[in-house]
1. If you line up the long axis of helix 102-112 against the longest principal axis of the chain, both from Cα atoms, how many degrees apart are they, to the nearest 10?
2. Could you work out the relative contact order of the stretch 3-142? I mean the mean sequence separation of Cα pairs under 8 Å and 6+ apart, divided by the number of residues, in percent.
3. Quick check: net charge around Ala15, other residues with Cβ under 15 Å of its Cβ, Lys/Arg +1 and Asp/Glu -1?
4. Of the listed peptides 125-132, 54-61, what is their order by residue-averaged count of other C-beta atoms within 10 Å, with the highest listed first?
5. Counting pairwise Cα distances across the chain, what percent come out greater than 25 angstrom?
6. In nm, to one decimal, how far is the Phe120 label point from the Ile93 one, both placed 7 Å along Cα→Cβ?
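Every read-out reported here was derived from the displayed coordinates using simple, explicitly stated rules and does not represent laboratory data. All values derive from a computational prediction rather than experimental measurement. Here the Cβ is made from the backbone with ideal geometry for all residues, glycine too, and neighbour counts use every protein chain on show.
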Amino acid sequence: MSAQHAFSYAAAILALASALHIVALIIGPEAIAFLGAPDEFVQMLRDGNWVWPVFVTCAIAGLLAGLAWLSWRARRPKVNGHIARIILWLFAIIFIVRGLMVGLFVPAIMARNIGDPVLFWFHVGASILVLTLGAALVYGLYKTRSLAR
C-alpha cells in the first residue's frame, strides 16, 4: 500500500464519519444514542433542548471533516505544512488509542443497553475501523516523513 492510498483511505473514513454524525442528528435522539452519546445528551434531545447537542455534534462533524481534508491534502506531502502533519500525527495516536480501547468502550456501551447484539457489533466494528484509520495515518505520515521537509 502506498502512502497516497493510506491517506485516501483515512480521508474517506473521516468524511463518512463526519456525515454519519450529521445524519444521526437529523434522524434524532435514538440514532445519537446508538452512536454512543451520553444519556444526558440524548435526554436533552428528547426534551427538545437541541442547542447544545446540535452544537457539539456539528463541532465533532466539523473536526472530522477538517481531518478528512488534511488527510486528503497529505496525499501530496509538500502541500501540507508541518502544523498539519503534527495535527495528523496527534489524531492518528488518538485514533489508535481509541481503537485499542474496544475492551473498555464496548462494555460501557453494553452496560447501558444490555443484550443488543447489533449495538455490540456496531461498536466493535467502529473500534476496529478507528484503529485502522489511525494505523493508515501513521503509515502515510511515516512513509512521507522525508518528503515533507
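1. Around 20 degrees separate the two axes.
2. Reported relative contact order: 34 percent.
3. Around Ala15, the surrounding residues sum to +2.
4. In decreasing order of mean packing, 125-132, 54-61 become 125-132, 54-61.
5. 35 percent
6. 3.4 nm
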